[in-house]
Amino acid sequence: MDALDAELLEGIAALYDAVDPPPSSLDGDVLFALSLEALDAEIATLTEEGMPALRSAETEATNTVTFTSSALQLMVRTSEEDDGSLRIDGWVTGGGIAVAVLAGTTALWSTSDAHGRLLWRAVARGPLRFLLRPADPGDRPIMTPVIEF
Amino acid sequence: MTGQSGLVGEAAELFRQFQGGDRSRIEPMVRLLNPTLWHLARGCGLEQVDAEDVIQLAWLKLVGNAGAIRDPQAVLAWLGTTVRREAWRVAGERRKNDPAQEPEALAGAQDPAPGPETAVLAAESQSTLWNHISRLSPRCQAILRVVSRGGPPDYAALSESLGIPVGSIGPTRGRCLAALRSALSSDPSWSMP
């Protein structure tokens, strides 16, 4: 390794930065994954899946999915909005529970009403998961597995 | 090489603070080291999506094992090794599922082939360099891309991720650089910046 080699390697590093740079979303995605991990959430289990998760053009796809954790249960039902995006109706065992739909690195929050009802409109299709923040801040948050809607 | 000792030292300082309880230090660390980890993962032949997954996993592992890393100076090497090992595992799985993809594909970066997008190459010297690098063997391309990121030479991990015996890494790097130098020296459009 002489000075010219070192210079050349430096040029190669700069070159790859130009032709194949890291995606601009990389840092944000990593930080988001780390922040979810830091929540130390309990992972809920998928206990029931009504209707196949597969979609087909002919059927009016309605999926009902139920998640269960040690303390809470969340049921979600998806239906199609006019523009092809999702309407998600949810029911959780309790009022005043903040629940987020996590799509990529965006979190869409909704808080359950007195009957435990939740609603999200115009959610883009894709892999989604739910994050539940119990009303009592002393309780662990709960995260569901990722489901493709 | 490209101020690697600076990078190692900066990462070590941030990680020391992180281990000391300042959890917010993880963000500048991620921003500082991701470009290096990206080129490592891509240099190991991973597609973009896989490279992103592998890097994310490495960070999750780092945070999960932060207490076990005694020497903060080793944090970049630790992340790099984790990325390379995981990249190697994923690349192996991909090859198993798609036997048409020969190990030569390890040179990676095939999606999208960082083709002759000369527009993104700032200087003419860069496009000349690119021109000659892309004519090297895929193995040379991979090894130069990874080695140019330097870091503490970790030939064991490099050997694993590139599928090259440990003892051959130094000589292979030397041969690849020599081939590149000789190609460049006979190219009248090349002048060392």
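How large is ³J(HN,Hα), in whole Hz, for each residue of the stretch B:13-27 in order, when computed from phi with the Karplus curve 6.51 cos²θ - 1.76 cosθ + 1.60 and θ = phi - 60°, using x for Gly and Pro?
Coupling constants for the stretch B:13-27: 5, 4, 5, 4, 5, 4, 5, x, x, 8, 5, 5, 5, 5, 5 Hz.
Between A:Gly94, A:Pro145, A:Ala122, whose Cα lies farthest towards the positive end of the dipole of chain A when Lys and Arg beta carbons carry +1 and Asp and Glu beta carbons carry -1, centred on the Cα centre?
The residue sitting most towards the positive pole is A:Gly94.
Report the label-to-label distance for B:Ser182 and A:Ala38 in nanometres (one decimal), using points 7 Å from each Cα along the Cα→Cβ vector.
5.3 nm
Return a whole-number percent for the relative contact order of the stretch B:1-84, with Cα pairs under 8 Å and 6 or more residues apart as the contact set.
Reported relative contact order: 40 percent.
Long-range amide H contacts for A:Phe130: which residues qualify at under 5 Å (H placed 1.01 Å from N, peptide plane, sequence gap of 5 or more or a different chain)?
A:Leu102, A:Thr144
For a quick check: with amide H placed at 1.01 Å from N, whose amide H comes under 5 Å from B:Asp187's, ignoring anything fewer than 5 positions away on the same chain?
Amide H neighbours of B:Asp187, under 5 Å, 5+ apart: none.
How many Cβ atoms of partner chains, on average, are near each residue of A:25-36 if near means within 10 Å of its Cβ?
6
Taken together, the values in this text are just the output of simple stated rules run on the coordinates, not laboratory data. What you see is a predicted model, and the numbers here were worked out from it, not measured in a lab. A quick note on method: Cβ atoms are made from the backbone with ideal geometry, for glycine too, and the neighbour counts reach across all protein chains shown.
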